[in-house]
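Asker: Provided herewith is a single structure, encoded as structure tokens, for subsequent inquiry.
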Amino acid sequence: MRMTVIGTGYVGVVHAACMADIGHEVLGVDIDEERIAALTEGNAPVYEPGLNELLARTVGSGQLRFSTSTADAARFARLHFVCVGTPQVPGGEAADVRHVDAVFEGLAPRLRPGSLIVGKSTVPVGTTARLAARLRDVAPHSEIAWNPEFLREGFAVADTRCPERIVVGVESERAEAALREIYEPMLVSGVPFFSTDPATAELVKVASNAFLATKISFINAMAEVCDATGADVLTLAEAVGQDSRIGHRFLQPGLGFGGSCFPKDIRAFAARAEELGVGSAIAFLHQVDEINTRQRRRTVDLARNLVGGSFTDRRVAVLGAAFKPDSDDVRDSPALAVASAIRREGAEVRVHDPEAIYNARRRFPELQYTHDVPKACEDAHLVLHLTAWPEYREISPTELGPVVRDRKILDARDTLDPASWQSAGWTLSALGRPRVNGAYAA
């Protein structure tokens with residue numbers, strides 16, 4: 001099938017490349033001329049495992065092309081995916097759908113009869129109905145559907161090619177048939193397909209994110225209780241996760257969530273519920289958000305205690321800048337929030353990350369950055385492990401010991417092996433773990 005993908009950010013570029021790779025003819029569209037020029041050369045605007053290779057293959061084959069013109073998009077196809085961002089409104093918590101509206105207003109008057117606009121952006125429930133009403137006035141022979149994305153950064157290519165489920169909100173059999181044809185390779189392999197109304201499809205995405213965010217904040221709340229009682233949150237999480245009704249996934253204590261989805265999505269969901277008069281139904285999401293933010297403050301507090309009560313004239317090494325491993329995304333990064341807070345209190349902070357240094361430097365130029373772990377840790381009074389990159393688990397504490405000033409490490413992701421660090425003479429601390437003289441109890 002011929003299709004366009006409008007918006008070539010994280011979701012759009014992955015969707016466009018994957019659709020082209022399974023045989024569709026795709027035109028990616030964006031108003032950012034520099035981005036389109038880079039994509040035309042096969043260069044991805046974001047770090048995502050496997051994406052550059054996928055782009056090179058699909059651009060090279062001619063299955064995937066790019067343009068900055070909405071008029072080109074309307075001429076190219078009758079099927080259009082909208083993948084633009086929906087950040088928080090400035091100074092508020094609701095979703096900012098201006099970019100979605102701008103794409104719609106630019107595309108709708110140019111649609112050929114029988115066209116289908118398919119939204120993938122995360123939007124407030126009711127957005128599809130609002131746009132459908134407008135479409136009936138501007139292009140009555142076309143229609144709109146919603147097909148939310150469920151991508152995990154670091155696994156986006158795999159999640160697109162083999163999703164756990166496909167959800168479409170449609171108002172006609174024709175729209176459903178078109179979407180079934182698009183995703184036929186996935187459906188043949190047994191991927192569940194949910195065809196529902198647009199409002200339900202819109203809610204599936206935000207409800208999923210709200211549930212997962214709640215699960216993360218729950219175990220972090222338990223970590224706070226463990227700190228007060230001497231209990232061990234890792235053992236608690238392992239035991240609780242054995243319950244088949246609960247499971248282990250997302251029951252990992254630590255610094256909490258960040259990125260471009262969970263924080264803004266739960267806030268926008270709560271704001272939309274208030275608009276609908278049902279804010280009390282999901283008022284707990286405010287507490288989920290507050291617990292998540294508090295984890296950052298608790299990490300700063302513990303780090304301050306570990307360096308003697310003040311960051312003044314202290315050197316702190318930070319391992320991790322991205323909000324999660326296998327990504328260069330630093331939007332609402334817990335790691336950088338902690339690093340910046342510590343720097344404001346007087347510490348000299350050096351940050352290492354395998355992929356996110358360029359983006360981190362643009363957002364937090366006041367921090368120091370290095371591509372070398374030993375350089376980041378040189379003469380450090382404290383090492384902070386803030387993003388759970390696999391390579392950090394491979395660091396030799398014995399080899400790193402002579403580099404630092406004090407052998408103290410705060411594992412804010414609870415993924416390092418305490419025994420190996422302690423045997424090398426380090427004091428390893430973490431949130432929600434019992435400590436005896438600065439070390440874990442045996």
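The values are calculated or read from the model by the stated rules, or taken from the named source; none is laboratory data. In this text the structure is predicted, and so the values were computed from the model without any measurement. No Cβ is skipped: glycine too gets one built from the backbone with ideal geometry, and neighbour counts run over all protein chains shown. Just the protein is used for accessible areas: all its heavy atoms, side chains included, with ligands, DNA and RNA removed. Shrake-Rupley method; radii C 1.70, N 1.55, O 1.52, S 1.80 Å.
Asker: Quick check: anything in the stretch 244-255 over 23 Å from residue 388 (Cβ atoms) and surrounded by fewer than 20 Cβ atoms within 10 Å (Cβ to Cβ)?
Answerer: Of all residues in the stretch 244-255, those over 23 Å from residue 388 (Cβ atoms) come to 244-245.
Narrowing the set further to residues that are surrounded by fewer than 20 Cβ atoms within 10 Å (Cβ to Cβ) leaves 244-245.
Within the stretch 244-255 (the criterion being over 23 Å from residue 388 (Cβ atoms) and surrounded by fewer than 20 Cβ atoms within 10 Å (Cβ to Cβ)), the answer is yes, since at least one residue qualifies.
Asker: Okay, moving on. For the stretch 162-182, state whether one or more residues are buried (at least 16 other Cβ atoms within 10 Å of the Cβ), of a type in the set (Gly, Ala, Ser), free of Cβ contacts under 8 Å to residues at least 60 places away in the same chain and in contact with a Pro (Cβ under 6 Å, 6 or more places away or on another chain).
Answerer: The answer is yes; a qualifying residue exists.
Asker: Filter the stretch 308-325 down to the residues that are more than 23 Å from residue 266 (Cβ to Cβ) and open to solvent by 10 Å² or more (accessible area, probe 1.4 Å) and list them by number.
Answerer: Hits for the stretch 308-325 are 308, 309, 310, 312, 313, 314, 315.
Asker: Out of the strands (runs of 3 or more DSSP E) lying entirely within the stretch 304-380, which hold 1 or more residues that are of a type in the set (Lys, Arg) and touching a Leu at 6+ places or on another chain (Cβ under 7 Å)? Spell out how you get there, then give the answer.
Answerer: Working: elements: 315-319, 348-352, 368-370.
Strands (runs of 3 or more DSSP E) meeting the threshold: none at all.
Asker: Next up: Mind checking which residues of the stretch 1-14 are open to solvent by less than 10 Å² (accessible area, probe 1.4 Å) and either in contact with a Leu (Cβ under 7 Å, 6 or more places away or on another chain) or β-branched (Val, Ile, Thr) (or both)? Show your work before the answer.
Answerer: Keep residues of the stretch 1-14 that are open to solvent by less than 10 Å² (accessible area, probe 1.4 Å), which gives 3-5, 7-8, 12-14.
3, 4, 5, 8, 13, 14, listed by residue number.
Asker: Could you please find all residues in the stretch 141-157 being aliphatic (A, V, I, L, M) and closer than 25 Å to residue 170 by Cβ?
Answerer: The initial filter retains those residues of the stretch 141-157 that are aliphatic (A, V, I, L, M), namely 144-145, 151, 156-157.
Across the stretch 141-157, the qualifying residues are 144, 145, 151, 156.
This table checks each residue for (1) in contact with an Asp or Glu (Cβ under 7 Å, 6 or more places away or on another chain); (2) surrounded by 24 or more Cβ atoms within 10 Å (Cβ to Cβ).
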residue: 332; (1), (2): no, no
residue: 336; (1), (2): no, yes
residue: 339; (1), (2): no, yes
residue: 355; (1), (2): yes, no
residue: 393; (1), (2): no, no
residue: 416; (1), (2): no, no
residue: 419; (1), (2): no, no
residue: 423; (1), (2): no, no
residue: 428; (1), (2): yes, yes
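Asker: Would you confirm, using the coordinates I've provided, whether residue 23 is at positive phi and either touching a residue at least 60 places away in the same chain (Cβ under 8 Å) or not polar (S, T, N, Q) (or both)?
Answerer: yes
Asker: Quick check: is even one residue across the stretch 15-22 buried (at least 23 other Cβ atoms within 10 Å of the Cβ), closer than 10 Å to residue 83 by Cβ and of a type outside the set (D, E, K, R)?
Answerer: The answer is yes; a qualifying residue exists.
Asker: Hey, another quick one. Which pairs do you get when a residue that is farther than 17 Å from residue 434 by Cβ, found in the stretch 405-416, comes within reach of a residue that is of a type in the set (Lys, Arg) and surrounded by 24 or more Cβ atoms within 10 Å (Cβ to Cβ), reach meaning Cβ atoms under 7 angstrom, with the pair 6+ apart or on two chains?
Answerer: As it stands, the answer is none, since no pair meets every condition given.
Asker: Give me the residue from the stretch 143-159 that is out of contact with any strand residue (DSSP E or B) (no Cβ under 7 Å at 6 or more places or on another chain) and among the small types (Gly, Ala, Ser) and, out of that set, surrounded by the most Cβ atoms within 10 Å (Cβ to Cβ). Walk me through how you get there before you give the answer.
Answerer: Keep residues of the stretch 143-159 that are out of contact with any strand residue (DSSP E or B) (no Cβ under 7 Å at 6 or more places or on another chain), which gives 149-159.
With among the small types (Gly, Ala, Ser) added as a condition, the list becomes 154, 156, 158.
Working: 154: 17, 156: 26, 158: 14.
Of everything passing the filter in the stretch 143-159, 156 is surrounded by the most Cβ atoms within 10 Å (Cβ to Cβ).
Asker: Please identify the pairs in which a residue from the stretch 76-88 that is at pLDDT below 95 has its Cβ atom under 9 Å from the Cβ atom of a residue that is surrounded by fewer than 19 Cβ atoms within 10 Å (Cβ to Cβ) and among the polar types (S, T, N, Q), counting only partners at least 6 apart or on another chain.
Answerer: Partner pairs satisfying both residue conditions: none exist.
Asker: Among the listed residues 290, 224, which satisfies the condition of being of a type outside the set (Phe, Trp, Tyr), assigned to a helix (DSSP H, G or I) and surrounded by fewer than 15 Cβ atoms within 10 Å (Cβ to Cβ)? Even if it seems obvious, please write down each step before you answer.
Answerer: Values: 224 fails: surrounded by fewer than 15 Cβ atoms within 10 Å (Cβ to Cβ).
Matching residue, one of 290, 224: 290.
Asker: To continue, here is another question. Of the residues that sit in the stretch 94-117 and are assigned to a helix (DSSP H, G or I) and in contact with a His (Cβ under 9 Å, 6 or more places away or on another chain), which one is farthest from residue 31 (Cα to Cα)? Write out each step before concluding.
Answerer: Filtering the stretch 94-117 for residues assigned to a helix (DSSP H, G or I) gives 98-110.
Okay, now just the ones that are also in contact with a His (Cβ under 9 Å, 6 or more places away or on another chain), so 103, 107.
Working: 103: 10, 107: 13 Å.
So the residue we want is 107.
Asker: Mind listing whichever residues of the stretch 183-192 are under 17 Å from residue 81 (Cβ atoms) and open to solvent by less than 40 Å² (accessible area, probe 1.4 Å)?
Answerer: To start, the set of residues in the stretch 183-192 that are under 17 Å from residue 81 (Cβ atoms) comprises 183-186.
Within the stretch 183-192, 183, 186 meet the criteria.
Asker: Next question. Would you mind stating whether residue 85 is under 21 Å from residue 116 (Cα atoms), buried (at least 18 other Cβ atoms within 10 Å of the Cβ) and touching a helix residue (DSSP H, G or I) at 6+ places or on another chain (Cβ under 8 Å)? Step through it out loud before you land on a result.
Answerer: Numbers: under 21 Å from residue 116 (Cα atoms): yes; buried (at least 18 other Cβ atoms within 10 Å of the Cβ): yes; touching a helix residue (DSSP H, G or I) at 6+ places or on another chain (Cβ under 8 Å): yes.
Spelling it out, residue 85 is indeed under 21 Å from residue 116 (Cα atoms), buried (at least 18 other Cβ atoms within 10 Å of the Cβ) and touching a helix residue (DSSP H, G or I) at 6+ places or on another chain (Cβ under 8 Å).
Asker: I've got another one for you. Residue check: is residue 118 touching a Ser or Thr at 6+ places or on another chain (Cβ under 8 Å) and at pLDDT 95 or above? Explain how you work it out, then say what you get.
Answerer: Details: touching a Ser or Thr at 6+ places or on another chain (Cβ under 8 Å): no; at pLDDT 95 or above: yes.
No.
Asker: Are there any pairs, at least 6 apart or on different chains, whose C-beta atoms fall under 8 Å, with the first in the stretch 185-211 and closer than 16 Å to residue 282 by Cβ and the second open to solvent by 40 Å² or more (accessible area, probe 1.4 Å) and assigned to a strand (DSSP E or B), and if so, which?
Answerer: Short answer, once both residue conditions are applied: 204/194.
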